[in-house]
1. Inside the range B:25-54, can you point out the residues that are among the hydroxyl-bearing types (Ser, Thr, Tyr) and assigned to a helix (DSSP H, G or I)?
2. Mind checking which residues of the range B:207-221 are open to solvent by less than 60 Å² (accessible area, probe 1.4 Å) and within 28 Å of the chain's Cα centre (by Cα)?
3. Mind checking which residues of the range B:196-216 are within 14 Å of B:Asp241 (Cα to Cα) and in contact (Cβ under 8 Å) with a residue 12 or more places away in the chain?
4. Among the listed residues A:Leu44, A:Leu76, identify the single one that is over 30 Å from A:Pro143 (Cα atoms) and modelled with pLDDT of 85 or more.
5. Mind counting the residues in the range A:1-28 that are outside any helix (DSSP H, G or I) and either within 19 Å of the chain's Cα centre (by Cα) or closer than 20 Å to A:Ile68 by Cα (or both)?
6. Could you tell me whether any residue of the range B:124-145 is open to solvent by less than 50 Å² (accessible area, probe 1.4 Å), at pLDDT 60 or above and out of contact with any Lys or Arg (no Cβ under 6 Å at 6 or more places or on another chain)?
7. For the range A:95-108, name all the residues that are open to solvent by 60 Å² or more (accessible area, probe 1.4 Å) and within 11 Å of another protein chain (Cβ to nearest Cβ).
8. Do we have A:Arg114 as within 14 Å of chain B (Cβ to nearest Cβ) and either in contact (Cβ under 8 Å) with a residue 40 or more places away in the chain or buried (at least 16 other Cβ atoms within 10 Å of the Cβ) (or both) here?
Amino acid sequence: MSINKYSAIIESLLYYENDVVSIKKIEQITGLTEDKIKEIIGQLMLEYQDDIHGLMITEIAGGYSFQIKKEIFPYLKEYYNLKSQNRLSKSVLTVLSIVAYKQPITKNEIEDIRGVNSDNSIKKLLELNLIKITGRKSIVGKPLLYGTTTEFLKFFNLNDIKDLPKIDELKSEEFSLK
Amino acid sequence: MSQNNDNLNEVKYKVKIDSFEGPLDLLLHLVKTSEINIYDIPIAEITKQYLNYLSFLIILNLDNLTEFVEMATILILLKSKAMLPVELDFDENEFDPRQELITKLLEYQKYKMAADLLDVMSEDTVPLINRTADLKLFNLDDNEDVNWKQLSVLDLIGAFADLLNKNNHNDMELEILLYNFTVEDKIKLINDTLNEKDSFNYFELIKENMPKMEIVCIFLALLELVKKGIIAVRQHKIFGDIHIVKKEKLGLNNNFS
C-alpha cells in the first residue's frame, strides 16, 4: 500500500474515533511501525496547518486527535452554545497543581503544603475526573495516593505529564515582590 | 473613631479576606504587601499584622478558622523565641527557628504560581469536542463484542432497578407470601444454568410477575457470584441486558470484569 493510502486510513481513523487515538491503536489497525506512523501523522499535521482547514491534528494525552483550530473555535462557539472549559477555582487549581507536580501524593501531604483542609477540592477534582486514586502509600494508615488522569492531559492540552512547565523554571527560589 | 467608620473598615476587610485560601495564603500576602525579604521576616511585625487580620476573621467566623489560629500560635511561638536572650552558641550552623516557616511559604508560593500557570493553560486550550451523535453503527448481532461493555456495580444496580420497575407485581401480596426462595437457591440456580450452557442472560432468569423479593434474591446471588469470582458479567450497550459467563470459560483472556 502506498504511503498516501496509509495517510488516508489514519486520517479517517481519527475522524471515526472522535477521541484521542493512541499510537498503539493505529499500529494495530495499519500494521505500521511507530516511527512510520509518526512520520505520516507529522505530514498530515503539516497539511492541516494550512489556512483552508478549520481542523488540526494535535498530539495529546499520548495519542492523536482532531481538534478545532483555536482561531476558528469562536465562530462555532456561540451558535452551538459550546462552553469553553470550565474555569477551576483558585483553591481547586492549587490542589491540582500540587497533585500534578508531586504525584503520587496523599491528602495529608497536600494539606501540609497548603496549610488548609483540602477535602472539598479533592472531591471536586475526583468528580471532574482530573485526578484519580492511584494506590495506597505503605505507611501507617495506608492513606490513598492521588495522581492525574488522561482527562487532565486533555484538559490542559498536554501530550504527557512530563510536558508540564518545569516548576523550577518558575524561579521558586526567588521571592517575587509582585 | 465613629461607629460608621468602623463598619466601613469591616466591609473593606471582608472583601479581602474572602480571597485567602488559608493561613499560608494570608501570610504570603502580608509578606508581599509589606515588601520584606522572605528570608529575613521580621517576626514581630508580621505577627502583629497577622493577628490584626485574625481578629477580623473571628468576627466573620469562617469555617477554617482553626487553621488560621494554628498559624497564629506558630507565629507567636516564633516571636517569643526571638525575644529570648540569645544564647552564645559556638555551633555556626545555628538553626533559625523561622526556617521551617520560610520553607513552607516558599513551597506554597511555588504551587500557587504553578496553579496560575495551569489556569492560563486551561483558558488557552480549545476543548476537545466530541461529536454529540454517536456515529458508530450498531451491530445488532448479540455476539458482537462491540455491543457489550464492561460492568460496574452501578450499572448492575441500574439494570436491577429497571427490572424492578418493569415487573408491576402487586406489592401487597408480599405481606402474606411465603418465601419459597433464598439467595442460596438462586446461587444454585445460576450455577446449574451455567452447567447447562456456558453463558446466559440475566433477563432469562426473571419471569413476569415475579415477586420483587425474588428479583432481589437473584440480584444478590449474582453479586455474590461476581464477588467470589465464579462468574463474569457484561452489559448490552443498548438493551441493558446483563450477560453472565462462567469465569473459567474466559481463561486468562479477561475481557469482562
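1. B:Thr33, B:Tyr39, B:Thr47, B:Tyr50, B:Tyr53
2. B:Phe219
3. Once the filter is applied, which keeps residues that are within 14 Å of B:Asp241 (Cα to Cα) and in contact (Cβ under 8 Å) with a residue 12 or more places away in the chain, the range B:196-216 yields B:Ser199, B:Phe200, B:Asn201, B:Tyr202, B:Phe203, B:Leu205, B:Ile206.
4. A:Leu44
5. Within the range A:1-28, residues that are outside any helix (DSSP H, G or I) and either within 19 Å of the chain's Cα centre (by Cα) or closer than 20 Å to A:Ile68 by Cα (or both) number 5.
6. Scanning the range B:124-145, I find at least one residue that is open to solvent by less than 50 Å² (accessible area, probe 1.4 Å), at pLDDT 60 or above and out of contact with any Lys or Arg (no Cβ under 6 Å at 6 or more places or on another chain), so the answer is yes.
7. Listed by number, the list holds a single entry, A:Lys102.
8. For A:Arg114, the condition - within 14 Å of chain B (Cβ to nearest Cβ) and either in contact (Cβ under 8 Å) with a residue 40 or more places away in the chain or buried (at least 16 other Cβ atoms within 10 Å of the Cβ) (or both) - is met.
The values are calculated or read from the model by the stated rules, or taken from the named source; none is laboratory data. Source: prediction; values computed, not measured. Cβ sites come from the backbone with ideal geometry, for glycine too, and all protein chains shown count toward neighbours. In case anyone asks, the SASA skips ligands and DNA or RNA and just uses the protein heavy atoms, side chains included. Shrake-Rupley method; radii C 1.70, N 1.55, O 1.52, S 1.80 Å.
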